[in-house]
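Each remark here refers to the structure printed beneath this line.
The values are calculated or read from the model by the stated rules, or taken from the named source; none is laboratory data. Only a predicted model underlies this, so the values are computations on that prediction, with no experimental measurement involved. A quick note on method: Cβ atoms are made from the backbone with ideal geometry, for glycine too, and the neighbour counts reach across all protein chains shown. What goes into the accessible areas is simple: the full protein's heavy atoms, side chains included, and nothing from ligands, DNA or RNA. Shrake-Rupley method; radii C 1.70, N 1.55, O 1.52, S 1.80 Å.
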Amino acid sequence: DPGTEKWNWVFPTVFLCVYGFFSMMRPSEPFLTDFLTGPYKNLTTQQVTKQVIPTWAYSNLFLLIPVFLVTDVLRYKPLIVLQALTFILAFILLLFSSGVVLTQCALFAYSMGTAADTAYYSYIYSVVHPQYYQRVTSYARGAVLLGYACGSLLGQLLVSLGGISLYWLNVITLNSVCLALLAALLLPMPEKSLFLRESEMDYNPSENVTSSSRGSWVWVVRCLRRGRRVVATALRRLALDCKECYSSVTVLFFCVWSAMGKCGYYQITLYVQLLWESKQPPYNFTAYNGGVEAMATLSGSVASIAVGHLALEWTLWGELVLGVFTALSAGVLYLMSMTSNIWVCYICYALFKTIYMELITICTFQIARGISRERYALVFGVNSFVGIVLQSLLTAIVVNTKTLELTICSQFFIYASYFSALAVLFLSRGVYTVFHNQLVEHVTPEGLPDRRTDLPQVSPLT
C-alpha cells in the first residue's frame with residue numbers, strides 16, 4: 001500500500017528530525033568558555049584550556065569504539081536515547097556543580113553523547129526503504145544544522161537584547177535536550193540492524209530451545225556459543241569490509257581528508273572561544289559568539305547544498321579542490337592567530353567553518369559513491385575514530401605538553417600549519433592526478449589497447 005509505505009518513512013523521519021533539532025538547539029554552547037571562566041564557575045583560563053576542554057577529546061577517544069561496536073547490535077534507538085540522557089546529565093552538572101573535577105565530569109558525559117552521533121545518522125537507514133535514503137539523509141542533517149543555528153542565534157539575541165545571564169542560557173539548553181529525549185523515546189524500534197542483518201544474529205530455527213530448557217545450563221551454553229559465533233562473524237565481516245572499502249585509492253584519499261579535516265575542525269571549534277576571549281577589547285564589550293556561530297552554520301549549510309549541485313568530475317578534480325580550499329582555510333587560520341581585531345577573528349572563523357562544511361560534504365558524497373549503503377556507518381565511524389585519535393595526539397602535544405606552554409594564539413598558528421601540511425598533500429596529489437590523466441589522454445601509442453587511466457574506479461550505489 002503506497003500510503004502505508006509513505007507513512008512508514010515519514011513517521012520515524014519526523015521524530016528523528018525533531019530529536020536532531022532540539023538536541024542541537026543549545027543557546028549556551030557558543031558562550032561555554034565565558035560561562036566557565038565567569039562568576040558562575042570561576043575557573044581560570046589555564047584550567048579551562050589544559051584540564052577541562054581536553055577531557056572531551058580524551059574521553060571521546062576511549063568511548064567512540066565501544067559505542068560504535070554496540071550501535072548496530074542494539075539497533076540504534078537505545079544509543080540515541082542514551083545520547084539524550086548523557087546530554088541532560090552534562091548540562092545538569094554544568095548548572096549545579098562547581099570545581100574542575102565536576103566540570104570534567106560534565107565534559108565526560110557530553111563526550112558520551114557526541115560519541116553516539118553515528119547512531120543518529122545510521123538509524124534512519126534501518127527503518128526506511130532505500131529509495132528514500134537521499135531524502136531522509138538531507139532532512140536529518142538539515143535538522144541538526146538548523147537546530148544549532150537557531151540555538152546560537154537565540155543565545156545571541158537573549159544576551160545582546162534581553163540581557164539574559166549565561167546561567168539561564170544553560171537552563172534553556174537543558175529544557176531543549178529534555179524535549180529531545182521525549183522525541184527519542186517516540187522513535188520506532190528498528191526490526192533489524194544494517195551491518196549484522198545477514199549474520200548469525202538472525203533467528204535460526206535449528207538452534208531453538210524449548211521453554212523447559214531455559215532454566216538449564218544447556219540453554220546458557222547454547223546462548224554463549226551463539227553469541228560467540230555472532231561476534232566472530234561480525235569481526236570477520238568488519239575486517240573484510242574495511243579491506244574492501246579502503247582498497248580504492250580515490251576513496252582512501254577522501255577518507256584521509258575526512259579524518260584529518262575532522263581532527264582540525266574539532267580542535268578549532270573547541271578552543272576558538274578562548275581565542276575570541278583573548279582578542280576582546282579590555283573595555284566593556286558584548287560578545288557576539290552566538291551570532292557568529294549562527295552565521296557560520298547557515299553559510300556552511302548553503303555552501304554544502306551548492307556544492308551538491310555543482311557539476312564537476314569529482315574523481316578527477318576533487319583532490320585538487322580539497323587542496324585549494326584547505327590552503328584557503330590555513331590562510332584564514334593564520335590570520336586569526338595573528339590579528340588583534342576581534343571582528344577580523346569572527347569573520348575568519350565564519351569563513352573557516354563554511355569552507356570545512358563544504359569540503360566535508362564533498363568527501364561524504366565521494367566516499368558514499370564508492371561504498372555500499374550497508375557500509376556507511378562502518379566507514380564514517382572509522383573515519384571519525386581516526387580523526388579523534390589525531391585530535392587527542394594534537395591536544396597532548398600542543399595543549400598539554402608542559403615544556404611548550406603555548407599561548408592560545410601560538411596554538412592556532414600550529415593549527416594553521418597543520419592545515420597547510422594537509423593542503424600541500426592534497427595539492428600535490430591533485431596536480432599529479434590531473435596531469436597524469438591529461439598525459440594519458442594525449443599519449444596513445446599505436447598498438448596499445450583502448451586508452452585507460454590509473455584512476456580507481458568508483459562503484460555505483462547499490
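Among the residues here, residue 395 does not qualify as outside any helix (DSSP H, G or I), open to solvent by less than 50 Å² (accessible area, probe 1.4 Å) and either farther than 21 Å from residue 79 by Cβ or in contact (Cβ under 8 Å) with a residue 60 or more places away in the chain (or both). The single residue among 123, 133 that is part of a helix (DSSP H, G or I) and surrounded by fewer than 21 Cβ atoms within 10 Å (Cβ to Cβ) turns out to be 133. Of all residues in region 371-381 being modelled with pLDDT under 75, more than 13 Å from the chain's Cα centre (by Cα) and not acidic (Asp, Glu), which is surrounded by the fewest Cβ atoms within 10 Å (Cβ to Cβ)? It comes out as 373.
If you go through region 165-177 and keep only what is surrounded by fewer than 17 Cβ atoms within 10 Å (Cβ to Cβ) and of a type in the set (A, V, I, L, M, F, W, C), you end up with 168, 171.
Quick check: anything in region 315-333 assigned to a helix (DSSP H, G or I), over 25 Å from residue 365 (Cβ atoms), outside the structural domain of residue 139 (by the TED database) and open to solvent by less than 30 Å² (accessible area, probe 1.4 Å)? Within region 315-333, one or more residues are assigned to a helix (DSSP H, G or I), over 25 Å from residue 365 (Cβ atoms), outside the structural domain of residue 139 (by the TED database) and open to solvent by less than 30 Å² (accessible area, probe 1.4 Å). Just give me the residues in region 23-76 being hydroxyl-bearing (Ser, Thr, Tyr), open to solvent by 30 Å² or more (accessible area, probe 1.4 Å) and closer than 16 Å to residue 115 by Cβ, in sequence order. Hit for region 23-76 is 58, nothing else. Residues that are surrounded by fewer than 19 Cβ atoms within 10 Å (Cβ to Cβ) and of a type outside the set (Val, Ile, Thr) within region 334-350 comprise 334, 335, 338, 340, 341, 343, listed in sequence order. Of all residue pairs spaced 6 or more apart or on separate chains, none has beta-carbon atoms under 9 Å together with a first member in region 106-127 that is assigned by the TED database to the domain that holds residue 266 and a second member that is open to solvent by 20 Å² or more (accessible area, probe 1.4 Å). Criterion applied to 43, 63, 36 was being within 15 Å of residue 105 (Cβ to Cβ), over 19 Å from the mean Cα position of the chain (by Cα), among the hydrophobic types (A, V, I, L, M, F, W, C) and in a helix (DSSP H, G or I), and the one residue passing it is 36. What about residue 351, is it closer than 23 Å to residue 111 by Cβ and either at pLDDT 85 or above or assigned by the TED database to the domain that holds residue 328 (or both)? Spelling it out, it is not the case that residue 351 is closer than 23 Å to residue 111 by Cβ and either at pLDDT 85 or above or assigned by the TED database to the domain that holds residue 328 (or both).
Does region 411-423 contain at least one residue that is assigned by the TED database to the domain that holds residue 253, in contact with a Ser or Thr (Cβ under 8 Å, 6 or more places away or on another chain) and open to solvent by 10 Å² or more (accessible area, probe 1.4 Å)? Looking through region 411-423, at least one residue is assigned by the TED database to the domain that holds residue 253, in contact with a Ser or Thr (Cβ under 8 Å, 6 or more places away or on another chain) and open to solvent by 10 Å² or more (accessible area, probe 1.4 Å). When residue 98 is tested against the conditions (1) in a helix (DSSP H, G or I); (2) more than 20 Å from residue 11 (Cα to Cα), the lone failure is (1). Within region 77-103, the set of residues being surrounded by fewer than 16 Cβ atoms within 10 Å (Cβ to Cβ) and either of a type in the set (Gly, Ala, Ser) or touching a strand residue (DSSP E or B) at 6+ places or on another chain (Cβ under 9 Å) (or both) comprises 97, 98, 99.
Here the condition is being surrounded by fewer than 16 Cβ atoms within 10 Å (Cβ to Cβ) and either under 24 Å from residue 83 (Cα atoms) or not hydrophobic (A, V, I, L, M, F, W, C) (or both); of 162, 147, 155, 151, it holds for 162 alone.
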